[in-house]
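S.K.: I have a structure here, written as structure tokens, and I will follow up with some questions on it.
The values are calculated or read from the model by the stated rules, or taken from the named source; none is laboratory data. From a predicted model like this one, the values you see are computed outputs, not experimental measurements. Quick reminder, even Gly has a Cβ in these numbers, built from the backbone with ideal geometry, and neighbours come from all protein chains shown. Heads up: the accessible areas ignore ligands, DNA and RNA and are worked out on the full protein's heavy atoms, side chains in. Shrake-Rupley method; radii C 1.70, N 1.55, O 1.52, S 1.80 Å.
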Amino acid sequence: MKKTEQQKVVIISGCTSGIGKELCRLYREAGHTVVGIARSAAEPDIQADVTDYNAVKAAVDEAYARYGRIDTVIANAGGGLSGATELLPIDQVEKQMALNFSGALNLVNSALSYMKEGGSAVFISSACALFALPYRAMYCASKAAVNMAAYGLYMELKGHGIRVCSICPGDIKTNFTANRIKYSDGGERYGDKPGISAQKIDSREDKRMKLDGAAKKIYKCCEKAKKPLYIIGFKYKVLNFLRHILPQKLFLDVTAKLF
């Protein structure tokens with residue numbers, strides 16, 4: 001990738017695999033200084049659990065101490081959870097919100113304390129933030145919360161010269177599906193539906209977007225950060241359009257049949 005004229009200091013969470021790892025590579029190839037943050041990390045990255053605010057703040061403080069500024073922060077760390085909403089263990093629901101929502105906010109807020117005019121804060125959300133899916137409702141809810149936080153920060157920081165956006169990728173070929181926490185037991189009410197839904201989604205692995213191509217698109221959106229929302233994947237843009245023009249009941253009923 002072509003070297004940039006102005007080097008930036010970029011912080012990226014979830015840097016050890018998938019989208020985060022690719023973004024680190026792309027930014028470094030472009031000549032930027034990258035500090036990855038993950039639960040397991042080695043130099044030049046920093047080890048921290050994004051759900052632990054104090055650990056994240058200390059990691060961001062260390063990054064600033066090293067390089068004297070923070071230009072871009074990308075909250076990418078996250079995980080999945082599936083199962084009948086009614087039957088999910090409440091501690092797993094809380095962990096899902098802590099990782100996907102609170103973790104993202106911990107990182108961005110910590111970085112904003114050092115960010116000056118011209119900086120940018122990016123949330124890596126999900127297409128699932130745009131429309132709910134059966135048996136993945138808590139994951140969708142956590143990502144929808146990410147979008148709302150991004151929109152609020154967009155409005156609050158626009159007048160201060162700091163760009164904020166949320167990027168919603170569709171399904172990408174990473175280890176995300178394999179790492180998703182799945183609860184297939186549906187009890188008497190749902191039977192085998194949660195398991196069937198999970199299998200149906202997992203079986204589409206070969207139809208997911210390729211990681212390298214999707215990461216390049218996400219990288220470009222991170223660099224632009226001119227709009228509050230970016231959607232990665234044409235079919236997800238179409239679905240989002242349909243969500244706005246179709247009656248909500250119809251859209252939900254069709255989604256329920258599909259998934």
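S.K.: With the condition kept exactly as written, say whether any residue in the stretch 198-212 is of a type in the set (A, V, I, L, M, F, W, C), open to solvent by 20 Å² or more (accessible area, probe 1.4 Å) and either within 15 Å of the chain's Cα centre (by Cα) or closer than 23 Å to Ser120 by Cβ (or both). So that I can check it myself, show each step before the final result.
M.R.: Of the stretch 198-212, the ones of a type in the set (A, V, I, L, M, F, W, C) are 198, 201, 209, 211.
Applying the additional criterion that residues be open to solvent by 20 Å² or more (accessible area, probe 1.4 Å) yields 209, 211.
Of the ones still in play, those that are also either within 15 Å of the chain's Cα centre (by Cα) or closer than 23 Å to Ser120 by Cβ (or both) are 211.
Yes, some residue in the stretch 198-212 is of a type in the set (A, V, I, L, M, F, W, C), open to solvent by 20 Å² or more (accessible area, probe 1.4 Å) and either within 15 Å of the chain's Cα centre (by Cα) or closer than 23 Å to Ser120 by Cβ (or both).
S.K.: Continuing with the same structure: State yes or no: is Asn147 of a type outside the set (D, E, K, R), touching a Lys or Arg at 6+ places or on another chain (Cβ under 9 Å) and assigned to a helix (DSSP H, G or I)? Show your work before the answer.
M.R.: Values: of a type outside the set (D, E, K, R): yes; touching a Lys or Arg at 6+ places or on another chain (Cβ under 9 Å): no; assigned to a helix (DSSP H, G or I): yes.
So Asn147 does not fit the description; no.
S.K.: Please specify each residue of the stretch 1-52 satisfying the condition of being part of a helix (DSSP H, G or I), open to solvent by 60 Å² or more (accessible area, probe 1.4 Å) and of a type outside the set (Lys, Arg). Working first, answer last.
M.R.: Just the residues of the stretch 1-52 that are part of a helix (DSSP H, G or I), to begin with: 18-29.
Then drop every residue that is not open to solvent by 60 Å² or more (accessible area, probe 1.4 Å), which leaves 21, 25, 28-29.
Passing the criteria: only Glu29.
Conditions (1) in contact with a helix residue (DSSP H, G or I) (Cβ under 9 Å, 6 or more places away or on another chain); (2) under 21 Å from Cys168 (Cα atoms), marked per residue:
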site: Leu23; (1), (2): yes, yes
site: Val35; (1), (2): yes, no
site: Tyr64; (1), (2): yes, no
site: Ala75; (1), (2): yes, yes
site: Gly79; (1), (2): yes, yes
site: Ser82; (1), (2): yes, yes
site: Glu86; (1), (2): yes, no
site: Asp91; (1), (2): no, no
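S.K.: So in the stretch 53-110, with the set limited to residues that are of a type in the set (D, E, K, R) and part of a loop (DSSP other than H, G, I, E, B), which one is surrounded by the fewest Cβ atoms within 10 Å (Cβ to Cβ)?
M.R.: The initial filter retains those residues of the stretch 53-110 that are of a type in the set (D, E, K, R), namely 57, 61-62, 66, 69, 71, 86, 91, 94-95.
With part of a loop (DSSP other than H, G, I, E, B) added as a condition, the list becomes 69, 71.
Values: Arg69: 13, Asp71: 20.
Once the filter is applied, the top-ranked residue is Arg69.
S.K.: Could you list, in sequence order, all residues of the stretch 158-185 that are in contact with a strand residue (DSSP E or B) (Cβ under 7 Å, 6 or more places away or on another chain) and open to solvent by less than 30 Å² (accessible area, probe 1.4 Å)?
M.R.: Result: Ile162, Val164, Cys165, Ser166, Ile167, Cys168, Pro169, Gly170, Ile172, Arg180.
S.K.: Among the residues that make up the stretch 56-71, is at least one of them touching a Lys or Arg at 6+ places or on another chain (Cβ under 8 Å) and within 20 Å of Tyr114 (Cα to Cα)?
M.R.: From the stretch 56-71, those touching a Lys or Arg at 6+ places or on another chain (Cβ under 8 Å) are 69, 71; that's our starting set.
Subsequent filtering for residues that are within 20 Å of Tyr114 (Cα to Cα) retains 69, 71.
Yes: one or more hits.
S.K.: Looking only at residues that are free of Cβ contacts under 8 Å to residues at least 24 places away in the same chain and either more than 25 Å from Lys217 (Cβ to Cβ) or not hydrophobic (A, V, I, L, M, F, W, C) (or both) in the stretch 229-244, which one is most open to solvent (accessible area, probe 1.4 Å)? Break it down stepwise before answering.
M.R.: Let us first name the residues in the stretch 229-244 that are free of Cβ contacts under 8 Å to residues at least 24 places away in the same chain, namely 234, 237-238, 241-242, 244.
In the following step, the residues that additionally are either more than 25 Å from Lys217 (Cβ to Cβ) or not hydrophobic (A, V, I, L, M, F, W, C) (or both) were identified as 237, 244.
On the way: Lys237: 105, His244: 124 Å².
Within the stretch 229-244, the match that is most open to solvent (accessible area, probe 1.4 Å) is His244.
S.K.: Can you tell me which of Asp202, Asp192 is free of Cβ contacts under 8 Å to residues at least 24 places away in the same chain and farther than 27 Å from Gly118 by Cα? Before the answer, list the steps.
M.R.: Details: Asp202 fails: free of Cβ contacts under 8 Å to residues at least 24 places away in the same chain.
Every option except Asp192 fails the conditions.
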